[in-house]
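Note sheet for the following structure.
Readers should treat all values here as calculations from the given coordinates under stated rules, not as data from a laboratory. Predicted model, so just to flag it, every value in this text is computed and none were measured. Cβ: placed from backbone, ideal geometry, glycine included. Neighbour counts: every protein chain shown.
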């Protein structure tokens, strides 16, 4: 399967400003989203998973090898159930450089570039991926995760 964004039927319903997380077979790209991808070079890579999100909604496309098609969803604040907002540390172990809308860090000795307008000060404070986890209770009153949605990026100490 080649990357063919035009084959995604619901991508026009994605938020116009936010973030994009593209998972390719050859790596992961992450950056700020303004209706177009902030990078190039993956035109011929396989794209199993794509997330475009902000605080209010998430567009998600996951390729189903069984159905040989993308399963596309729009997730928004109307999802039912209880939820908790959590943070996951996003970036690597060592700051390398920043500028021109990108930030490069080292993760396990390997350089990784994120297409984010962040700098060393932000890196030192911690850059987090915000995740809304939805949960429910089963018939035995045991809690289980019923879904999740990416909601944005934050800078600062984990709460």
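Structure values in brief
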| item | result |
| --- | --- |
| Cα-based radius of gyration of region 82-155 once divided by 2.2 N^0.38 Å, which approximates compact folds | 1.44 |
| Semi-axis lengths (Å, descending) of the ellipsoid that matches the C-alpha gyration tensor of the chain | 26, 23, 14 |
| 222 nm mean residue ellipticity, helices alone, for the chain (DSSP H n ≥ 4; -39,500 (n - 2.57); rounded to 500) | -1000 deg cm²/dmol |
| Base-10 log of normalised Debye intensity for region 5-76 (one unit scatterer per alpha-carbon) at q = 0.17 Å⁻¹ | -0.59 |
| For 104, 151, order by how many other beta-carbon atoms lie within 10 Å, fewest first | 104, 151 |
| Percentage relative contact order, region 82-155, counting C-alpha pairs under 8 Å, at least six apart | 30 |
